[in-house]
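J.: Please find one structure pasted underneath; my questions will follow.
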Amino acid sequence: MRVLLLLFSIIVAFLSIAFKDTIITTIESLTSGFSTTNTTAFKGLPLIPPRAIYGAPKAVNMTIPRAIRKAFLAIEQSEGAGARVRRSIGTPQLRNFSPFLMLDHFTIKPGAGFPDHPHRGQETITYLLEGAVDHEDFAGNAGTIEAGDLQFMTAGKGIMHAEMPRQNPDGSANIGMQLWVDLPEKLKKCEPRYRDLKASEIPNIDIDEGKVHVKIISGQSHGVDSVKELAYTPVWILDIEIKPGGKIVQNLPEGWNAFAYNLSGSTAFGVGKDKTTIGQYHNVVFEQKGDEVNAEVAEDAKENGHFILVAGLPLDQKVVQYGPFVLNSQEEVYQAMMDFQTHSNGFERAKGWQSEIGKSMVH
């Protein structure tokens, strides 16, 4: 036995000397692609590559909760002709939040509204919560959205329209949300268009034993998809209401910007020590990192928590905005103003046009 071990040792030593250069070359070739910074060396073996190269190991189906970047109250202000809005996006509190340009929580009482005005370069999404609003444009499009309905308007190269409230029999105000979404640069000159989404077309689901109700306006929630794509820029919109003691974990596309506007009640967002309770009329802006939003309402809450959760694909482009004109350079904004004044390059039909619904503030 000792003789065999001695012979084996002699053979190993001989091979090590004979093929020394080959072994070293092989080890060097295996490690040549890796940085030697912050690595652990094992004598006679290739260096362990740093984590930056191969990435951290991921668990199967691992999700990352989104942290809150900031939360703030939307201050009420005047807008249009006598309307009141709580604007959160498009204020000093939150700008450059691509693809979102503006978010208004509006209240339009009888005698107020948004008479004839132009747009270029963006899409507007109007979600009516109470009442009814008429719309009309210079292309002959006209219609009405009622509580629970939405209207998606693409301004494209140019449109002129009016948005006026119906006078409710009880004299109550018309209440809703309007979100402005930037258009990709290559679609800034597309033809304007309208799409209405009726409340009856929106999928609804109940989760957490009926404590959470979700309207899937656009996007996906718990395996249920929205009925159709309505905006050129990818956007998810979910209307979520949570009863006391209820909670939801809502997945969102990674890398998209996201926020939640709290319509009523108090809702806690986040997990663990980062959980924060948000009150009515506050906008909660989430960090871009992560793929889910956690929300819940306390067991002892006196009312349901109701919020709109929105996420959108950021656009890698410059935004230059002047009022209703949203382009990618100052020159394009100047051109839009000139085109509107001269009724050209998309605004030809604005010449002499006046909406019927805008002629009277009450009808």
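The values are calculated or read from the model by the stated rules, or taken from the named source; none is laboratory data. Here the structure is a predicted model, which means the values were calculated and not measured. Every residue, glycine as well, gets a Cβ built from its backbone with ideal geometry; the counts of neighbours run over all protein chains shown.
J.: Residues 81, 173, 147: which one is of a type outside the set (Ser, Thr, Tyr) and at pLDDT 95 or above?
T.: One residue alone meets the criteria, 147.
J.: A further question on this structure: Go through the residues of segment 278-288 one by one and say whether even a single one is assigned by TED's automatic domain parsing to the domain that holds residue 180, under 16 Å from residue 70 (Cα atoms), assigned to a loop (DSSP other than H, G, I, E, B) and among the small types (Gly, Ala, Ser).
T.: Yes, because at least one residue in segment 278-288 is assigned by TED's automatic domain parsing to the domain that holds residue 180, under 16 Å from residue 70 (Cα atoms), assigned to a loop (DSSP other than H, G, I, E, B) and among the small types (Gly, Ala, Ser).
J.: A follow-up question, please. Against the definition (farther than 20 Å from residue 101 by Cβ, among the aromatic types (Phe, Trp, Tyr) and surrounded by 21 or more Cβ atoms within 10 Å (Cβ to Cβ)), how does residue 286 come out, yes or no?
T.: Values: farther than 20 Å from residue 101 by Cβ: no; among the aromatic types (Phe, Trp, Tyr): yes; surrounded by 21 or more Cβ atoms within 10 Å (Cβ to Cβ): yes.
Answer is no for this residue.
A quick yes/no check of all residues on (1) outside the structural domain of residue 294 (by TED's automatic domain parsing); (2) crowded, with 20+ Cβ neighbours inside 10 Å; (3) hydrophobic (A, V, I, L, M, F, W, C):
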| site | (1), (2), (3) |
| --- | --- |
| 82 | no, no, no |
| 114 | no, yes, yes |
| 124 | no, yes, no |
| 143 | no, no, no |
| 146 | no, no, no |
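J.: Of the residues 267, 276, 342, only one is surrounded by 16 or more Cβ atoms within 10 Å (Cβ to Cβ), among the hydroxyl-bearing types (Ser, Thr, Tyr) and either modelled with pLDDT under 95 or out of contact with any helix residue (DSSP H, G or I) (no Cβ under 9 Å at 6 or more places or on another chain) (or both); which?
T.: On the way: 276 fails: surrounded by 16 or more Cβ atoms within 10 Å (Cβ to Cβ); 342 fails: surrounded by 16 or more Cβ atoms within 10 Å (Cβ to Cβ).
Step by step, each of 267, 276, 342 is checked, and only 267 is surrounded by 16 or more Cβ atoms within 10 Å (Cβ to Cβ), among the hydroxyl-bearing types (Ser, Thr, Tyr) and either modelled with pLDDT under 95 or out of contact with any helix residue (DSSP H, G or I) (no Cβ under 9 Å at 6 or more places or on another chain) (or both).
J.: Moving to a separate point now. If you go through segment 231-277, how many residues are within 10 Å of residue 306 (Cα to Cα), in contact (Cβ under 8 Å) with a residue 40 or more places away in the chain and in a loop (DSSP other than H, G, I, E, B)?
T.: So the answer is 2.
J.: Of the conditions (1) under 19 Å from residue 131 (Cα atoms); (2) assigned to a loop (DSSP other than H, G, I, E, B); (3) of a type in the set (A, V, I, L, M), residue 227 satisfies every one except a single condition; which number is it?
T.: If we test residue 227 against (1) under 19 Å from residue 131 (Cα atoms); (2) assigned to a loop (DSSP other than H, G, I, E, B); (3) of a type in the set (A, V, I, L, M), just (1) comes out false.
J.: Could you list, in sequence order, the residues of segment 218-264 that are under 18 Å from residue 148 (Cβ atoms) and either touching a helix residue (DSSP H, G or I) at 6+ places or on another chain (Cβ under 6 Å) or not assigned by TED's automatic domain parsing to the domain that holds residue 199 (or both)?
T.: 227
J.: With the requirement that a residue be at pLDDT below 95 and either assigned by TED's automatic domain parsing to the domain that holds residue 218 or in contact with a Lys or Arg (Cβ under 6 Å, 6 or more places away or on another chain) (or both), what does segment 317-339 give you?
T.: none
J.: Grab the strands (runs of 3 or more DSSP E) fully contained in segment 98-169, keeping just those with 2 or more residues being of a type in the set (S, T, N, Q). Reasoning before the result, please.
T.: Working: elements: 100-108, 114-119, 122-130, 132-137, 142-146, 150-154, 159-165.
Passing ranges, in order: 122-130, 150-154.
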